[in-house]
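Each value in this text was obtained by applying a stated rule to the coordinates, not by laboratory testing. Given the structure is predicted, the values throughout are model-derived calculations rather than measurements. Glycine gets a Cβ as well: all are built from the backbone with ideal geometry, and neighbour counts include every protein chain shown.
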Number of protein chains: 2
Amino acid sequence: MQASDGGWTIPEVAVTVDLAVLTVRSGALQIMLIRRGVQPFRGKYALPGGFLASTMEDTDTAAARELAEETGLDPSDLHLEQLRTYGSPYRDPRQRVITICYLAFVPHLPSPTAGGDALHAVWSPVQPILDGDVRLAFDHDQIVADAVERARSKLEYTTLGAAFCPSEFTVSELRMVYEIVWGQRLDARNFHRKVTGSPGFLVPTGARSRQKGGRPAAVYRRGAAELLHPAILRAGSRPVAGTTPHDDMST
Amino acid sequence: MQASDGGWTIPEVAVTVDLAVLTVRSGALQIMLIRRGVQPFRGKYALPGGFLASTMEDTDTAAARELAEETGLDPSDLHLEQLRTYGSPYRDPRQRVITICYLAFVPHLPSPTAGGDALHAVWSPVQPILDGDVRLAFDHDQIVADAVERARSKLEYTTLGAAFCPSEFTVSELRMVYEIVWGQRLDARNFHRKVTGSPGFLVPTGARSRQKGGRPAAVYRRGAAELLHPAILRAGSRPVAGTTPHDDMST
DNA sequence: CCCGTTCTCGTCAAGTTGACGATAATAGCT
DNA sequence: AGCTATTATCGTCAACTTGACGAGAACGGG
């Protein structure tokens with residue numbers, strides 16, 4: 001459990017790398033879960049992940065490799081970032097386990113997963129987890145809550161909403177991503193003006209989508225911009241009108 | 001190095017909790033460093049921190065305790081948040097060490113620290129580190145760069161700029177924090193309008209500061225608001241603050 | 001060919017930002 | 001006291017952004 005280092009021993013702990021993989025499907029924000037086959041929490045759902053191998057693998061690389069295994073997709077196409085590290089002492093009943101958690105945004109996957117670890121992987125809507133109606137293994141409820149909040153925030157000031165869309169998409173598809181992740185309706189006309197007016201957000205392909213009804217929409221691809229200036233703010237995060245800008249101190 | 005768990009062994013690695021403690025002093029954004037007394041990187045400067053004790057201490061708690069030891073301040077007064085976890089395999093030449101790094105904003109500390117670990121602690125301007133003119137131990141240059149970028153970003157959309165100020169401060173002091181952290185001049189009149197118009201950012205104490213010259217400024221305390229809506233965005237870059245030599249904490 | 005639907009462009013009032021003039025209130029100096 | 005330099009605070013105005021919403025464009029389906 002400890003390695004010697006010139007008369008001093010360095011304590012060691014178990015470390016896992018877990019993934020919070022979010023997607024938008026069936027009109028809901030969903031997260032990838034696996035059903036645990038071993039104790040503890042056998043039979044419960046948990047985030048995919050695993051112990052950091054004793055090999056000298058970078059944690060970022062380990063997360064990308066796991067993501068590729070679970071989704072069957074090239075991780076260079078997907079958005080993957082570190083979410084947070086969870087180090088509460090009793091989050092694993094066996095022994096102390098610290099989890100480095102990563103957050104991924106993936107588009108609606110066309111085929112079910114193919115990797116070996118992913119045999120038990122399922123997509124599950126996040127809302128029942130946030131509401132406490134579904135309980136996950138360990139402290140993964142909290143991780144899911146953190147992941148969703150990070151995702152909602154990221155849509156405001158980055159172009160990552162497009163990471164939930166396929167490589168080619170319309171403004172309406174992007175708007176529905178925002179509406180589903182934020183859980184609120186957006187004005188289609190103002191949203192269109194906003195995203196098409198943000199330099200580098202959308203690159204028109206020239207093609208037009210055809211669907212059941214309505215005017216065909218222009219098809220776009222993701223642009224090079226990653227940050228949005230200014231941000232697209234969710235309702236409720238706007239200043240309250242009526243407050244006096246210059247308030248007298250004498251009160 | 002491994003613990004048995006029903007026929008399977010869980011690999012373990014060494015974990016440290018490090019601190020990136022930022023402050024504004026002498027007109028520059030500075031970070032707390034310690035001079036290493038042991039190998040590796042003996043004599044080099046590094047972020048304060050230590051191996052995660054084998055005790056069942058929460059990593060957040062461990063970071064807060066270390067911060068209190070280094071600064072001598074009550075950690076409940078200070079802003080402390082997790083920055084990132086660094087897990088590159090060869091960042092420590094001895095063996096694999098994963099570092100959970102925390103970010104703290106502290107005001108200009110009036111008195112030197114009293115703890116034992118802090119005897120060698122110094123404040124050092126971040127700019128030479130960002131420029132590559134000063135090299136730290138391990139990958140701590142990168143951590144400092146991440147910490148500064150996080151701090152600059154946090155000033156935009158949170159009220160954490162006030163965490164660099166003493167408990168009572170003026171708008172000018174707050175503006176200088178912004179100017180120093182962002183490295184650009186801000187219009188004093190627009191900044192005043194902006195921060196006094198943000199509900200919950202500043203609470204007037206009724207007192208007025210007296211200083212060398214000029215009209216006395218109203219004195220404020222931090223308000224309850226943590227998020228700024230809308231954000232204060234940095235704009236045109238105009239470098240302002242120079243760098244000062246290494247400054248002992250007991251100044 | 002009409003109709004419902006969706007996409008896209010315009011318009012307008014309200015609010016915010018950036019540039020900057022003007023006034024207020026102090027210290028230091030003669 | 002009067003003057004000046006300095007800093008704080010208040011106002012003004014044009015340019016821009018936002019939210020609400022009208023209106024036309026371009027389809028599929030009856």
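Listed from fewest to most Cβ neighbours within 10 Å, the set B:Asp139, B:Asp74 follows the order B:Asp74, B:Asp139. Classification of the protein assembly as shown by its C-alpha gyration tensor yields an oblate form. The axis ratio a/c (a ≥ b ≥ c) is 1.5 or more, and b/c is at least a/b.
I want the local charge near B:Ala163. Using Cβ-Cβ distances under 12 Å, sum +1 for each Lys or Arg and -1 for each Asp or Glu among the other residues. Walk me through the intermediate numbers first.
On the way: positive: B:Lys154, B:Arg222; negative: B:Asp77, B:Glu81, B:Glu226.
Charge balance near B:Ala163 sits at -1.
Per residue of chain A, the DSSP helices (runs of n ≥ 4 H) give a summed -39500 (n - 2.57) that works out to -7000 deg cm²/dmol at 222 nm. Each of B:Asp77, A:Asp60 has some number of other Cβ atoms within 10 Å of its Cβ, and from fewest to most they run B:Asp77, A:Asp60.
With charges only on Cβ, +1 for K and R and -1 for D and E, what is the dipole size of chain B about its Cα centre, in debye, rounded to 20?
Numbers: 27 positive and 28 negative charges, 268 e Å.
Computed about the Cα centre, the dipole is about 1280 debye.
Over region A:159-229, the Kirkwood radius and the radius of gyration, each from Cα atoms, give a ratio Rg/Rh of 0.93.
Considering only DSSP beta bridges where both residues belong to the protein assembly as shown, give the percentage that are antiparallel (nearest 5). Can you show the working numbers first?
On the way: 71 of 89 bridges.
In the protein assembly as shown, approximately 80 percent of DSSP beta bridges are antiparallel ones.
Tilt of helix A:171-182 relative to the longest C-alpha principal axis of chain A, in degrees (0 to 90, nearest 10)? On a 0 to 90 degree scale, this one is about 50. Which shape class, rounded, prolate or oblate, goes with region B:13-153 when its Cα gyration tensor gives a ≥ b ≥ c as root eigenvalues, a/c under 1.5 marks rounded, and past that a/b bigger than b/c marks prolate? Rounded.
Once you've got the GNM for chain B with C-alpha springs shorter than 10 Å, pick whichever of B:Ser172, B:Ser26, B:Ser76 has the biggest mean-square fluctuation. Greatest mean-square fluctuation among the candidates belongs to B:Ser76. For region B:29-46 and region B:145-172, compute the distance between their C-alpha centroids and round to whole Å. One Cα centre to the other: 25 Å.
Taking A:Pro204, A:Pro75, A:Pro89 in turn, the Gaussian network model of chain A (Cα-Cα springs below 10 Å) assigns the largest fluctuation to A:Pro89. May I ask you to list the lysines whose Cα is less than 19 Å away from that of A:Lys154, ignoring any residue fewer than eight positions away on the same chain? Excluding near neighbours in sequence, the set is A:Lys194, B:Lys154. Computed over neighbours whose Cβ is under 14 Å from that of A:Ala218, the net charge equals +4, Lys and Arg +1, Asp and Glu -1. Ranking B:Thr205, B:Cys165, B:His120 by how far each Cα lies toward the positive end of the dipole of region B:112-209 (charges on Cβ) leaves B:Thr205 at the top.
When chain B is treated as a GNM with alpha-carbon contacts under 10 Å, the residue of B:Met56, B:Met176, B:Met32 showing the greatest mean-square fluctuation is B:Met56.
Among DSSP bridges having both ends in chain B, what percentage is antiparallel? Round to the nearest 5.
Numbers: 35 of 44 bridges.
Here the antiparallel bridges make up roughly 80 percent for chain B.
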